[in-house]
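First the structure, in the form of C-alpha cells, and then the observations on it.
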Amino acid sequence: MTKSRFAIMCGQLRRANRMKQREVAKVLGVAISTAGNIEYSPFKVIDRRKAVILADHYKLRGAQQADFMAAWEECPLSPDGQKRKEYWKKRNALRSKAKNHDPIKYGLVECLGIIITDRPDNQVCTCDESDVRRCIVCYALERVGAISPFTPADRDQILSQLAKAREELLPAVEKTLARPEPIAADDEIFGG
Ligand SMILES: [Zn+2]
C-alpha cells in the first residue's frame, strides 16, 4: 500500500520542524504508534479536528493550510473505518427516528403550546442576556426543532410549528401508549 499524500506531508512537516514522532503524539494526544501511522498509512488515521491541530502546530496558513486539509480530506477511510462509519450512520438514523416518536417530546410540545398561548409575549422567554444562559422555554423550543430563541415576532410561526410537530408525533405516541404494560418484577417473582 502506498502512503497517502497526507502521510507524506506529515512526515515532511515533522522533519522540517525538527520534531520527533513522540512529540507529535503529545501534541495530538495520541499513541506514539498512531503518530507513526500518520506518516505511513494510505488511509485516514486522525480525524479532522486533529488534522487542524497539526496544521496549527506547524503554523500553516492560507494556501498551505488549505492544501494540508485537502490532503487529509482525500485520504480514504480504512475498510474498518468505513464499516464503523456505516454502523454509526445507521445507528444515528434509528436514533433520530426513535426521537421523533418520543412521548416526552410530545409532552414538551404540549407544554410549550400552553406556555406560549397562556403567557403574555414578554413573559414567555426569560433568557438571561447578561450571561447568555438560555431559558427553559428557548431550550425546549430548540429541542423540538422550533424557532429558538422565542421572540414575539415569531410567536405565530412557532405555534404553527408546534401544532405540526404535535400532529406528527401523535400517532406514534398513541401506539406507544397502547402497548401492554411490562410485567412488574414482583409479578414475575411471585407469579402475580
Ligand atoms: Zn428564552
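What follows is calculated from the coordinates using simple rules that are stated; it is not laboratory data. A quick note: this is a predicted structure, and the numbers were derived from the prediction, not measured. Because the Cβ atoms are built from the backbone with ideal geometry, glycine has one as well, and the counts that use them run over all protein chains shown.
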Handout entry: Extension reserve of the ILE147-ASN122 stretch, reckoned as 0.36 nm per residue once the Cα distance is removed
Key = 7.4 nm
Problem - Distance in nm between pseudo-label sites at LEU94 and GLN157 (7 Å out along the Cβ direction from Cα) - result: 3.6 nm
Completion exercise
Relative to the chain, whose Cα atoms define the longest principal axis, helix 79-100 and its Cα axis are tilted in degrees, nearest 10, by 20 degrees
Handout entry: Relative contact order, percent, the chain [alpha-carbon distance under 8 Å, six or more residues apart]
Key = 16 percent
Handout entry: Net length gained if the chain between ARG179 and GLN65 were fully extended (0.36 nm per residue, minus Cα distance)
Key = 35.5 nm
Exercise for the section: Could you pull out the pairs from LYS50/LYS105; LYS59/LYS89; LYS50/LYS90 whose alpha carbons sit more than 27 Å apart here? Expected result: LYS50/LYS105; LYS59/LYS89
Practice task
Can you tell me the 0 to 90 degree angle between the C-alpha axis of helix 48-57 and the longest principal axis of the chain, rounded to 10?
Solution key: 50 degrees
Practice task
Before anything else, pin down the relative contact order of the range 5-76: Cα pairs under 8 Å, at least 6 apart, normalised by residue count, whole percent.
Solution key: 38 percent
Problem - Segments 167-178, 105-116 sorted - mean Cβ within 10 Å per residue, highest first - result: 105-116, 167-178
Fill in the blank from the handout: With Cα coordinates, the longest principal axis of the chain makes an angle with the long axis of helix 155-178, in degrees rounded to 10, of 80 degrees
Fill in the blank from the handout: Scalar couplings 3J(HN,Hα) for the range 66-72 by Karplus 6.51 cos²θ - 1.76 cosθ + 1.60 (θ = phi - 60°), nearest whole Hz, x for Gly and Pro, are 4, 5, 4, 5, 5, 5, 4
Handout entry: Convex hull per residue volume in Å³, alpha carbons only, for the chain
Key = 259 Å³
Exercise for the section: Let me know the charge dipole size of the chain about its Cα centre in debye, to the nearest 20, where only the beta-carbon of Lys, Arg (+1) and Asp, Glu (-1) is charged. Expected result: 1640 debye
Exercise for the section: Place the peptides 34-40, 51-57 in order of packing, highest mean first, counting for every residue the other Cβ atoms within 10 Å and averaging per peptide. Expected result: 34-40, 51-57
Fill in the blank from the handout: About its Cα centre, the range 99-178 carries a charge dipole, from +1 on Lys and Arg Cβ atoms and -1 on Asp and Glu Cβ atoms, whose size in debye to the nearest 20 is 240 debye
